[in-house]
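Structure record follows, encoded as structure tokens.
Derivation of every value follows stated rules applied to the coordinates shown; laboratory data play no part. All values reported here derive from a predicted model rather than from experimental measurement. Glycine gets a Cβ as well: all are built from the backbone with ideal geometry, and neighbour counts include every protein chain shown.
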Amino acid sequence: VPKGTTVIVTNLFYNTPARYNFLKKDSTESANIISLVQRLAISRSCVAVKLIVDKKVVFSTDGNANDLDVIYTVLGKDISENLLETYRCNARIKITGYVGKPRCSRSNRNYQLLFVNGRYVKSKTVTAAVDRAFHNLLMNNKYAVSVLFIDIGVSNVDVNVHPTKMEIKFA
């Protein structure tokens, strides 16, 4: 779409009552939407994103292509100031991103974000690798913060693991 395009979504299910019945409480649906847009903003730091919910700005990124700026805006100062940059590249795969210092660990994996070829996904292999890398550094039931971007040939990724295409497996 042309630069400066604005997308506004209102009354998403007003004309589809069957789908409306499957919605949870407004606060739950709002939290799900915020989480989705946050992941989209992180995956495309070169795109300016402004999320407004109930006439309140939840967050706004400027599209300057600086991943750390977006992470600061979306995940907060505490996390962004405790990240270490990571980079690994060879002929088949490129891994970039950030991992959190042990002091900014969390009690769940919500802050372990993985983007493969620009798309947010989940991978048990990558989750296990992050857990293994930090197992001697973190207390029990604490999880490392990570924002990883993996670029890999599509033939090396199986997206048909789950119906939502959220989970992937690597060849």
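Which value in nm describes the separation of the simple spin-label points at K142 and F170, placed 7 Å from the Cα toward the beta carbon?
2.6
With a cap of 11 neighbouring Cβ atoms within 10 Å, and only residues DSSP puts in a loop, list the trypsin sites (Lys or Arg not before Pro) found in the stretch 1-92.
K3, K24, K25, K55, R92
What is the sum of charges, Lys and Arg at +1 and Asp and Glu at -1, for the other residues whose Cβ falls under 11 Å from the Cβ of D131?
Details: positive: R109, K124, R132, K142; negative: none.
Once positives and negatives cancel, what remains is +4.
Starting from 0.36 nm per residue, how many nanometres of slack lie between V1 and D158 once their C-alpha separation is accounted for? Could you put the intermediate results ahead of the total?
Values: separation 157, 0.36 × 157 = 56.52 nm, distance 2.90 nm.
Fully extending the segment from V1 to D158 adds 53.6 nm.
Determine, from the Cβ-Cβ distance of A31 and A128 and an R0 of 25 Å, the FRET efficiency 1/(1 + (r/R0)^6), rounded to the nearest 0.05. All intermediate terms of the calculation are to be shown ahead of the outcome.
Numbers: r = 27 Å, r/R0 = 1.08.
With R0 = 25 Å, the Cβ-Cβ based efficiency is 0.40.
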